[in-house]
Each structure stands twice: as structure tokens, then as C-alpha cells.
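Structure, as C-alpha cells:
Derivation of every value follows stated rules applied to the coordinates shown; laboratory data play no part. Since the model is a prediction, treat every value here as computed from it, not as a measurement. As a convention, Cβ positions derive from the backbone with ideal geometry for all residues, glycine included, and neighbour counts pool all protein chains shown.
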Amino acid sequence: MIAHVSGVVAEKFNSSVIIDVHGVGYEVSVPLGDYDNTVVGEPVKLYTYHHIREQSQELFGFSSLAAKKLFELLITVQGVGPKAGLAILSLADSETVRNAIANSDVAFITKASGVGKKTAERVAVDLSDKVGLALRSDVNSMGVSHAVTGNDEALEALMALGYNLNDATKALEGISSELSTAERVTQALKG
């Protein structure tokens with residue numbers, strides 16, 4: 001299993017990037033947001049899902065571990081393969097997609113290419129309790145709103161420690177994003 005790929009972006013085409021890793025080029029299909037953020041000639045690290053079928057092998061890559069975990073949840077739903085999962089994650093950043101699933105926003109999910117209403121409903125029903133709570137904002141004493149996001153290093157750290165996306169989101173709820181990543185993780189672990 002290939003867990004991540006780090007290297008230099010050699011080429012970009014059709015929502016895929018080729019990453020040169022010490023002379024070996026890996027073609028990785030990525031969500032639209034990650035495709036737009038990669039620059040040819042620049043270094044990149046993508047968390048990958050290695051999809052093996054009888055006739056082919058494909059790599060699907062994500063700039064955050066949270067996006068990869070959400071992708072892995074999406075493809076557990078009947079009727080959602082890797083391409084449909086990638087299409088759903090291409091709708092917006094992973095936190096927006098996660099929040100739409102948590103809120104059972106079928107209309108948002110059906111905007112993905114190749115995802116019909118029944119499949120979107122199945123995604124909402126099967127995953128709404130697995131992706132964590134709908135996004136809530138915390139307002140600190142100065143009136144500034146804080147929210148847990150999919151690009152949150154503390155969220156990724158908790159997931160690296162074995163938390164699933166739902167549990168990591170719940171653990172960080174109510175903890176100020178003004179604290180350092182280490183302090184936020186420590187507070188989340190203390191529960």
C-alpha cells in the first residue's frame with residue numbers, strides 16, 4: 001500500500017498530477033482543489049489511496065489526511081467508487097463536503113459529476129453519523145468565531161494517533177484554534 005507520495009510536480013493534466021519521486025513518476029488523481037493548488041516544478045506531498053482492480057491500479061491523492069479519510073469513508077458507500085468519491089471531494093474543500101454530509105445536504109452532493117439523487121441520499125444516510133458533527137463555530141471573548149476545519153493540523157494529528165474523523169472532530173470541539181497545535185492536541189487527549 002502506498003500511503004503518501006512526496007516529490008516534485010512534473011506534469012498536470014485531466015485532474016491528475018505526475019509526481020517525480022527520485023526519477024520515478026507517479027500519476028495521482030486528485031480533487032479539483034488540490035489540482036488547482038499544485039504547481040509544476042514545486043514540491044508536494046499527497047496522502048494517497050492505492051486502488052487495485054483486476055485490470056488496473058490507480059493512486060488517488062489528497063493534500064490533507066482528513067480529506068483522504070473522508071474519501072475512504074465515501075467509497076464504503078454502495079454505488080460510490082473512487083471516481084465518484086473524488087468527484088464529491090472536488091465540489092469544495094474537504095471540510096465543506098464533510099459538513100454537507102453531516103447535515104445530509106443531498107442537493108450539494110448531487111452536484112458531483114456521476115452522482116445521482118439516490119446515491120447522494122445513500123451517502124447522507126450511511127455517513128452522516130460517521131463524519132462528525134455539523135460544523136459549529138465557537139465565539140471567543142473578543143467575538144471572534146473559531147471552527148474546526150479539515151486543514152486543521154490538530155485534527156490530522158489526532159487522526160494519525162488513531163482517532164477516526166468523527167471522534168477527532170468531537171475531541172477538538174470547543175477548544176480554541178488560537179492555541180498551538182500541540183496544546184490543542186493535549187487538551188483533546190485529556191478530553
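Here are some notes:
- Projected label distance in nm at LEU161 and HIS22, using a 7 Å step from Cα toward the beta-carbon: 3.2 nm
- Relative packing of 41-50, 103-112, 166-175, 89-98, which averages over residues the other C-beta atoms within 10 Å, highest first: 89-98, 166-175, 103-112, 41-50
- Length available on full extension from HIS51 to LEU32: 0.36 nm per residue minus the Cα-Cα distance, which gives 5.0 nm.
- A Förster distance of 25 Å, applied to the separation of the beta-carbon atoms of HIS4 and LYS118, puts the FRET efficiency at 0.15.
- Gyration tensor verdict on the range 65-127 (Cα atoms; rounded if a/c is under 1.5, prolate if a/b is larger than b/c, oblate otherwise): rounded
- The range 29-76, relative contact order in percent, only Cα pairs under 8 angstrom and at least six apart counted: 36 percent
- Cα long-axis angle, helix 65-74 against the chain (0 to 90 degrees, to the nearest 10): 80 degrees
- For the chain, the relative contact order comes to 14 percent (Cα pairs under 8 Å, sequence separation of at least 6).
- Per-pair calculated FRET efficiency, R0 = 25 Å: GLU58 and LYS111 via Cβ, rounded to 0.05: 0.60
- Charged-residue dipole, Cβ positions (Lys, Arg, Asp, Glu), the chain about Cα centre, Debye nearest 20: 500 debye
- The packing ranking of peptides 18-25, 55-62, 4-11, highest mean first, is 55-62, 4-11, 18-25, where packing means the average number of other beta carbon atoms within 10 angstrom of each residue.
- Contour excess over end-to-end distance, with Cα ends at GLU72 and LEU189 and 0.36 nm allotted per residue: 39.7 nm
- Computed extension gain for GLU178 through SER15, at 0.36 nm per residue and net of the alpha carbon distance, reaches 55.2 nm.
- Fraction of antiparallel bridges per DSSP, the range 4-62 only, in percent to nearest 5: 90 percent
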